[in-house]
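Below is one structure, written out as structure tokens; the observations come after it.
The values are calculated or read from the model by the stated rules, or taken from the named source; none is laboratory data. None of these values were measured; they are calculated from a predicted model. So basically every Cβ, Gly included, is an ideal-geometry build from the backbone, and we count neighbours across all protein chains shown. Areas reflect the complete protein model, heavy atoms only, side chains present, ligands, DNA and RNA absent. Shrake-Rupley method; radii C 1.70, N 1.55, O 1.52, S 1.80 Å.
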Amino acid sequence: WRAPYGGRTTPIVQNGRLYMIGRDGEGLTEQERCLCFDANTGKLIEEHRFNVFQTDIVSVRLGWTNMVGDPETGNVYAHVTQGLLFCFDKDLNVVWQHSLTEEFGRVSGYGGRVTSPIIDEDKLIIGFLNASWGDQGIGRNRFVAMDKKSGKIIWWASTGTQPKDTFYSTPVVALINGVRTMVSGGGDGGVHAFQARTGLKLWSYPLGPGSINCSPVVQGNLVYIGQGEENEGETTQGRVVCLDGSKVADGKPALVWKLDGIKAKFASPVLHEGKLYMCGDTGQLYCIDAANGKLLWEYLYGKNTKGSPVLADGKIYLAEVNSKFHILRPTADGCEKVHTQFFKSKAA
């Protein structure tokens, strides 16, 4: 099936329904909206619209976040451009909401660069830049955990360093060295780890002077992440690293390996069968040996990369900014194209 709706981010599917964020209208009265479809037929079941306020955002940059679902309650959650954070039931009725900009001084960045929330156990966790009052009077990159059923705040945490840019790394929660750990890139050029249940900071690792937009991949105690800005302490640009989160000294995890020259500014990696697949900013797919950081091969599939790869059924699925969607098949020593689909816009 197909339906005449679109957006800039990845839909989610839960309990036979597909949810996504999109936009509607034009000019000063343009709105964002959350949409709910029948996942089997594409029929629109419900939508929830909201105005865009307190942020100067062009229309093509609305809706840059992913919704997240909670299998336990059936609820779905959305963080949208002007700072509204919603908890919906399965029919998009509002269960609770916060206005992060008005309540906590959340900052929206260039082009709507804001972050997606995650659900972990009984908590919704989200990161953003903010400056408000009291102990949050100084601007910092902070994370907040809320009770997923009520929206009540459980803990706040900060990276502790000055942010340099907004970011949209989505946190990942994993068991590292026996501790339930949340790992995320930040707007201060570092990757950071916190206790997921308390918000206690565990470690930080600086990568560069700009924002870290990639989401990490964690396997065992190892954390993989990339960035596309200048590298910390060097004149090179772009880096992929593997960190050992179980070996921490002076608040910093051990570096297992690094690979410089890959400008992975936006897309998050995929780890599969000992190989790390990472996208460069200009349409390259890199295959890296996850054990030692050796570059095994690279494949040019497009021009403008921001979408993260998804691996399933032995194939990699990739989206480009210029409305192209690719299906690739990685091999031992390279990559082959299965299909490329171009989605025409109304103007085309």
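Return a yes/no flag: does the stretch 81-101 have any residue that is buried (at least 16 other Cβ atoms within 10 Å of the Cβ), modelled with pLDDT of 95 or more and among the hydroxyl-bearing types (Ser, Thr, Tyr). No, because not a single residue in the stretch 81-101 is buried (at least 16 other Cβ atoms within 10 Å of the Cβ), modelled with pLDDT of 95 or more and among the hydroxyl-bearing types (Ser, Thr, Tyr). When the stretch 244-257 is filtered for residues that are surrounded by 14 or more Cβ atoms within 10 Å (Cβ to Cβ) and without any contact (Cβ under 8 Å) to a residue 40 or more places away in the chain, the ones remaining, listed by number, are ASP244, LYS247, ALA254, VAL256, TRP257.
Within the option set LEU35, LEU44, being under 26 Å from TYR317 (Cα atoms) and surrounded by fewer than 18 Cβ atoms within 10 Å (Cβ to Cβ) holds for one residue only, LEU44.
Say we look at the stretch 213-241 and pick out the residues that are at pLDDT 95 or above and of a type in the set (Val, Ile, Thr); which of these is nearest to GLY109 (Cα to Cα)? The extreme case among them is ILE225.
Could you look through the stretch 107-119, keep only residues that are in contact with a strand residue (DSSP E or B) (Cβ under 6 Å, 6 or more places away or on another chain) and open to solvent by less than 10 Å² (accessible area, probe 1.4 Å), and pick out the one that is modelled with the highest pLDDT?
Going through the stretch 107-119, the residues in contact with a strand residue (DSSP E or B) (Cβ under 6 Å, 6 or more places away or on another chain) turn out to be 107, 115, 117-119.
Those still in the list that are open to solvent by less than 10 Å² (accessible area, probe 1.4 Å) too: 115, 117.
Working: THR115: 92, PRO117: 97.
Top of the filtered list is PRO117.
Which ones in the stretch 270-285 are within 23 Å of ILE212 (Cβ to Cβ) and either without any contact (Cβ under 8 Å) to a residue 40 or more places away in the chain or outside any strand (DSSP E or B) (or both)? Show your work before the answer.
Here is the first cut: in the stretch 270-285, the ones within 23 Å of ILE212 (Cβ to Cβ) are 270-272, 275-285.
Scanning the stretch 270-285 gives HIS272, CYS279, GLY280, ASP281, THR282, GLY283, GLN284.
Among the residues of the stretch 51-68, at least one is open to solvent by less than 50 Å² (accessible area, probe 1.4 Å), within 25 Å of GLY307 (Cα to Cα), at pLDDT 95 or above and not in a loop (DSSP other than H, G, I, E, B). Can you give me the number of residues within the stretch 210-241 that are of a type outside the set (A, V, I, L, M, F, W, C), open to solvent by less than 30 Å² (accessible area, probe 1.4 Å) and either in contact with a Gly (Cβ under 7 Å, 6 or more places away or on another chain) or within 23 Å of VAL114 (Cβ to Cβ) (or both)? Here the count works out to 11.
Where strands (runs of 3 or more DSSP E) fall entirely within the stretch 291-343, those with at least 2 residues that are without any contact (Cβ under 8 Å) to a residue 60 or more places away in the chain and touching a Gly at 6+ places or on another chain (Cβ under 8 Å) are at 295-300, 315-319, 324-330. The residues on offer are ALA332, ALA264, and the sole one that is out of contact with any Lys or Arg (no Cβ under 7 Å at 6 or more places or on another chain), among the hydrophobic types (A, V, I, L, M, F, W, C), crowded, with 21+ Cβ neighbours inside 10 Å and at pLDDT below 95 is ALA264. So, of the residues in the stretch 13-31 that are surrounded by fewer than 16 Cβ atoms within 10 Å (Cβ to Cβ) and at pLDDT 95 or above, which turns out to be nearest to the chain's Cα centre (by Cα)? Among them, the one singled out is VAL13. Taking first residues from the stretch 151-166 that are open to solvent by less than 70 Å² (accessible area, probe 1.4 Å) and at pLDDT 95 or above and partners that are of a type in the set (Phe, Trp, Tyr) and in a strand (DSSP E or B), the Cβ contacts under 7 Å between residues at least 6 apart in sequence or on separate chains come to GLY151/TRP96; ALA157/PHE143; ALA157/PHE194.
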